[in-house]
Amino acid sequence: MKKAGIFAFLFLVISSASSANEKWEITSLDLRRAVPNNSAPPERLSPIHKLAPLSKDEGVIRRVKLPEGVKAVAFTFDMCELDTTTTGCDMAVMSFLRERGIPATLFMGGKWMRTHSQRVKEIMSEGELFEIGNHNWSHGNCALLSEEGLRAQVLWTQAEYELLREEAGADDIPEVPGLFRLPYGRNNERSLKTLAGLGMRVIQWDVAAEAGDNSNPKRARRSAKIVAGMTRPGSILLFHANLVPKGTVNLLREVIDILEGEGYEFVKVSELLKMGEPETVRDGYFSRPKDNYALDKKFGADGTGRRRRFTGQ
């Protein structure tokens, strides 16, 4: 190849990489409430691709028991919003994960996906690094939703994912998510049966990483030591990437540095599940049983922010 051809080729490679990186920079549309709220149903109410029902209701998976000597954990991020408002997309977190090559499982609400549709399509293009799970349409509380309402919250989210996957041309990622995260960590026996019937494996966490604002780097370092101290091989860590709470990237950076120093490997939840035996409970919680029950009265009739119950009608 002649010198001119080599320089042209290098220019194209560098320009392409620069353009790709620019897409991951924070913009005004990533901020909380930057996009007008849209409480309408998705364009498609049910996905074309349906998951087969699970062979058994395995309950709520909090962590995975790994073989002796295996040190792996999964980072998970909730990205969601209520029916009554919009939230942001924490591109500081997403860019950090991408730059460091840290795999993660992102539990997205369907309505949040629509609010940040372009970001979701960009994330879908990074399928080797990120996998997407279902986090209900508008954060409906699975312990409070009716059977009809719960099915709509799940299926609307599956349908929105499917639509964006089609637009993104992301043929190398699953047709619809098979992992589900409980909003507020709440469920009951009926909802577990419904979710199993919809083919959803329910993924909780055993380490709730965030505890308030971590915008201050010194606070983030202190918090990271606590989080790392709670982490064990097979842990599933809970973070958020919707700018609620603040300063998550500071905490995440410190936690990853500590765990890397301790020899941990980072994997997606789907990979972690293949490495060992899931440890489950029947009733989800944050750090101890029933510590999330008080949230039932805080976010509307069924956790979606609405005064009237969500039915999907």
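Before moving on, here are some points about what is shown:
- Residue within the stretch 101-118 that is open to solvent by 10 Å² or more (accessible area, probe 1.4 Å), farther than 20 Å from Ala209 by Cα, in contact with a His (Cβ under 7 Å, 6 or more places away or on another chain) and at pLDDT 95 or above present: no
- Taking the stretch 198-227 as the range and being in a helix (DSSP H, G or I) and open to solvent by 40 Å² or more (accessible area, probe 1.4 Å) as the test, the residues that pass are Pro217, Lys218, Arg219, Arg221, Arg222, Lys225, Ile226.
- Qualifying positions in the stretch 82-139 - part of a loop (DSSP other than H, G, I, E, B), touching a strand residue (DSSP E or B) at 6+ places or on another chain (Cβ under 8 Å) and acidic (Asp, Glu): Asp90
- Considering the stretch 7-56, and only residues there that are part of a helix (DSSP H, G or I) and open to solvent by less than 70 Å² (accessible area, probe 1.4 Å), the residue that is modelled with the highest pLDDT turns out to be Asp30.
- Selection within the stretch 228-263 - farther than 16 Å from Lys218 by Cβ and either touching a Pro at 6+ places or on another chain (Cβ under 7 Å) or surrounded by fewer than 19 Cβ atoms within 10 Å (Cβ to Cβ) (or both): Gly229, Met230, Arg232, Val244, Pro245, Glu260, Gly261, Glu262, Gly263
- Any hit, the stretch 72-79, residues being open to solvent by less than 10 Å² (accessible area, probe 1.4 Å), under 17 Å from Gly110 (Cβ atoms), in contact with a Gly (Cβ under 8 Å, 6 or more places away or on another chain) and hydrophobic (A, V, I, L, M, F, W, C): yes
The values are calculated or read from the model by the stated rules, or taken from the named source; none is laboratory data. Note that the coordinates shown come from a computational prediction; the quantities given were computed from them, not determined experimentally. A quick note on method: Cβ atoms are made from the backbone with ideal geometry, for glycine too, and the neighbour counts reach across all protein chains shown. To get the accessible areas, we keep the full protein, side chains included, count just its heavy atoms, and leave off ligands, DNA and RNA. Shrake-Rupley method; radii C 1.70, N 1.55, O 1.52, S 1.80 Å.
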